[in-house]
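These notes are about the structure you will find just below.
The values are calculated or read from the model by the stated rules, or taken from the named source; none is laboratory data. Here the structure is a predicted model, which is why all the values come from computation and not from measurement. Note that each Cβ is placed from the backbone with ideal geometry, even for glycine, and that neighbours are counted across all protein chains shown. Please note that ligands, DNA and RNA were not included when accessible areas were found on the heavy atoms of the full protein model with its side chains. Shrake-Rupley method; radii C 1.70, N 1.55, O 1.52, S 1.80 Å.
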Amino acid sequence: MDPELLEPITARRAELDELEEQLAKQSAEVRAERDELTVAERLLDRVSEQLADERASAAPRPGQVGGQAVMLIPHRAQGVEEATLPPDCQRTLAAVRQGAGPVVARQVGEVLAVAVSVRARLEPLRGKLVRLADHGRLRKLPDGRFTTRL
């Protein structure tokens, strides 16, 4: 065979061999990245399930005190919405927010239409305010007044 005719064929074969190596390398990189994405998807699924479980556990659920069902107040934490609180606690927080500055239990009772002149009606409200403060939903000042947390 004539070397002049064989030279372009040999050069083209070398180019194609080099291109084949590059494509094989890129194909391996693509497979590796797909494997990483599969692992990331599995991890995301697990984390999503855990978050859903945590959110479900943060939802208000009744507990037992003295044989009676009572709603538990979840501690204030990032991602735990006020909407997870029982409705009466939500109304109490709204009443505290309506006050011009720190409020006492009597002022909250007036907003909630509780008979504030009857001590037996006011004390449970005061207890609820203290529980909300203990769980980080309100702030109790040293003088016994309550304010919202910022």
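If you take the residues in the range 74-127 that are touching a helix residue (DSSP H, G or I) at 6+ places or on another chain (Cβ under 7 Å), part of a loop (DSSP other than H, G, I, E, B) and within 27 Å of ASP53 (Cα to Cα), which one is modelled with the highest pLDDT?
VAL80
I'd like the residue in the range 83-92 that is open to solvent by less than 60 Å² (accessible area, probe 1.4 Å) and within 16 Å of PRO124 (Cβ to Cβ) and, out of all such residues, is nearest to the chain's Cα centre (by Cα).
Within the range 83-92, the match that is nearest to the chain's Cα centre (by Cα) is PRO86.
Which is among the basic types (Lys, Arg), at pLDDT 90 or above, assigned to a helix (DSSP H, G or I) and open to solvent by 70 Å² or more (accessible area, probe 1.4 Å), of ARG55, ARG42?
Details: ARG55 fails: at pLDDT 90 or above.
Selected residue: ARG42, the only one of ARG55, ARG42 that is among the basic types (Lys, Arg), at pLDDT 90 or above, assigned to a helix (DSSP H, G or I) and open to solvent by 70 Å² or more (accessible area, probe 1.4 Å).
Considering every residue within the range 26-39, establish whether at least one is modelled with pLDDT of 90 or more, over 38 Å from the mean Cα position of the chain (by Cα), surrounded by 10 or more Cβ atoms within 10 Å (Cβ to Cβ) and of a type outside the set (Ser, Thr, Tyr).
Yes: one or more hits.
Within the range 1-14, can you find the residues that are surrounded by 10 or more Cβ atoms within 10 Å (Cβ to Cβ) and charged (D, E, K, R)?
GLU7, ARG12, ARG13
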